[in-house]
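Okay, structure first, notes after.
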Amino acid sequence: MAHNDIADETLRAIRRILRKTSGYSRQLSRQSGLTVPQVLCLRFIAEATTETEITVAMVSQAVQLAPATVSRILDRLEDADLVIRERRSQDRRKVCLSLTELGRKQVDTLPTPLQEQFVARLRALPASEQRGLLDSLQKVVEMMEATDLDAAPLLESGEAPYDS
């Protein structure tokens, strides 16, 4: 394969990934009215054990987003009557989360997030292929001068600040 052909095919592969994540995000939004981060937060709350009080910090850690970001996501989920926030009587600073009945019904109809599908396929590869794929992607990140961008392990099309 000629040098320019390799560059073109590499760019096409990157573009396919971008289009897939963008298309998935749009499809999810059309089907459920939710964003990928909202779905991940809902799923975590639904799957957490009932004996554990679920807090914003726990959700933040699980979905690997900043607590302030998760708090804004929860605002929208609460406005949509999918999540309830309750202050504990013993410690009024502590806010616990639970799903509403509508939230439970919504979770039952949600598709599997794209990153979960990807992770399952990635883990099916031999360790050496997983490492090679990671090394290649990290090199792409360096070549695109994107190493300083913060990124949660979400496959979604989100607006990222662009500084040239």
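No value in this document is a laboratory result; all are computed from the given coordinates. The model shown is predicted, which means the values in this text are computed figures rather than measured ones. FYI the Cβ positions are ideal-geometry reconstructions off the backbone, even for glycines, and counts take in every protein chain you see.
To the nearest 500 deg cm²/dmol, what mean residue ellipticity at 222 nm is calculated for the chain from DSSP H runs of n ≥ 4 alone, each contributing -39,500 (n - 2.57), summed and divided by the residues? Result for the chain, helices only: -19500 deg cm²/dmol. The order of 134, 65, going from fewest to most other C-beta atoms within 10 Å of their C-beta, is 134, 65.
Computed over the alpha carbons of the range 12-109, Rg followed by Dmax gives 15.0, 56 Å.
For a straight C-alpha distance cut-off of 27 angstrom, the lysines reachable from residue 139 (same-chain residues fewer than eight places away being disregarded) are 20. Loop-located trypsin sites (Lys or Arg not before Pro) across the range 1-96 with a Cβ neighbour count of 14 or fewer within 10 Å are 88, 92, 93, 94, with loop assigned by DSSP.
Sequence neighbours fewer than 8 away in the same chain don't count; with that in mind, list the lysines whose C-alpha is under 25 Å from residue 94. Output for residue 94: empty list, no partners.
Based on C-alpha pairs under 8 angstrom that are at least 6 apart in sequence, the chain has a relative contact order of 25 percent. For the chain, the square roots of the Cα gyration tensor eigenvalues, ordered a ≥ b ≥ c, give a/c of at least 1.5 with a/b greater than b/c, which places it in the prolate category. The label point for residue 127 and the one for residue 149, both projected 7 Å from the Cα toward the Cβ, are 3.1 nm apart.
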